[in-house]
Amino acid sequence: MKKLFICLLAVCFAVACNAKPVEKETKTVKQNQKAVVAYFSATGTTKRVAENLSKAINADIYEIKPSVSYTSDDLNWRNKQSRSSIEMSDKTARPEIVKDGFSVKDYDTIYLGFPIWWGTAPRIIYTFLDSQDFAGKTIIIFATSGSSSIGNTDKDLKPSISANAKIIKGKTLNGNPSVEELKKWADSLK
């Protein structure tokens, strides 16, 4: 019995010595990386969250602006002929954005905010993603919504970015989250 115990102990020791070390999970956002909060807001809700997030993480801020602003009639989701309804029913729609020379090239991390429309990001976000080179970048999405969650928006957006860009599903930030709450959320990603 003693020999069996010693043999089992030796086997356990050998297995433990040959086991690969457990790697720590890599951080989503590394410290000292340059970040920007880029956002689209049709009614001002996402803008307020983006401004507070920018303050919370000490990041630059950039507003994604449509070439033609959305009116309240454009945003009427109950009207199948409204601008937003037509855009969202066409997966290839790419509403024109203001071209102002902004580039993500100087940033490592892009916090990308938008309202949820029809369970995903508005088509204008796809226009923004198509207009930039996100190779090697980390994109963390956040959204606002009256009733929807962020769902699979990260998966919906992934085909629009470089294969070596990383897109991270953030969360829906409803209400009016404070700078402190947003800092805590952003820190949880590190």
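The values are calculated or read from the model by the stated rules, or taken from the named source; none is laboratory data. Computed from a prediction, not measured in an experiment: that's the story for all the values here. Backbone-built Cβ (ideal geometry, glycine too); neighbour counts: all protein chains shown.
Selection of the stretch 76-86 for residues being assigned to a loop (DSSP other than H, G, I, E, B) and surrounded by 10 or more Cβ atoms within 10 Å (Cβ to Cβ) yields N76, W77, N79, S82. The residues listed here are S162, S103; of these, the one that is of a type outside the set (V, I, T) and modelled with pLDDT of 95 or more is S103. Between residues in the stretch 174-190 that are farther than 9 Å from L53 by Cα and residues that are basic (K, R), which pairs lie under 8 Å by C-beta distance while being six or more apart or on different chains? That search, which allows pairs on different chains as well, returns N176/R48; W185/K171; L189/K27; K190/K27; K190/K30. Anything in the stretch 91-127 that is under 18 Å from V37 (Cα atoms) and of a type in the set (D, E)? List them, or say none. Passing the criteria: D100, D106, D108. Residues being in contact (Cβ under 8 Å) with a residue 40 or more places away in the chain, under 15 Å from the mean Cα position of the chain (by Cα) and under 24 Å from G175 (Cβ atoms) are represented in the stretch 127-141 by at least one member.
What are the residues in the stretch 33-57 that are in contact with a strand residue (DSSP E or B) (Cβ under 8 Å, 6 or more places away or on another chain) and not aliphatic (A, V, I, L, M), if any? Answer for the stretch 33-57, where residues must be in contact with a strand residue (DSSP E or B) (Cβ under 8 Å, 6 or more places away or on another chain) and not aliphatic (A, V, I, L, M): Q33, K34, Y39, F40, S41, T43, T45, T46, K47, E51, S54.
Within the stretch 118-138, the residues that satisfy the criterion of being aliphatic (A, V, I, L, M) and surrounded by 22 or more Cβ atoms within 10 Å (Cβ to Cβ) are A121, I124, I125, L129.
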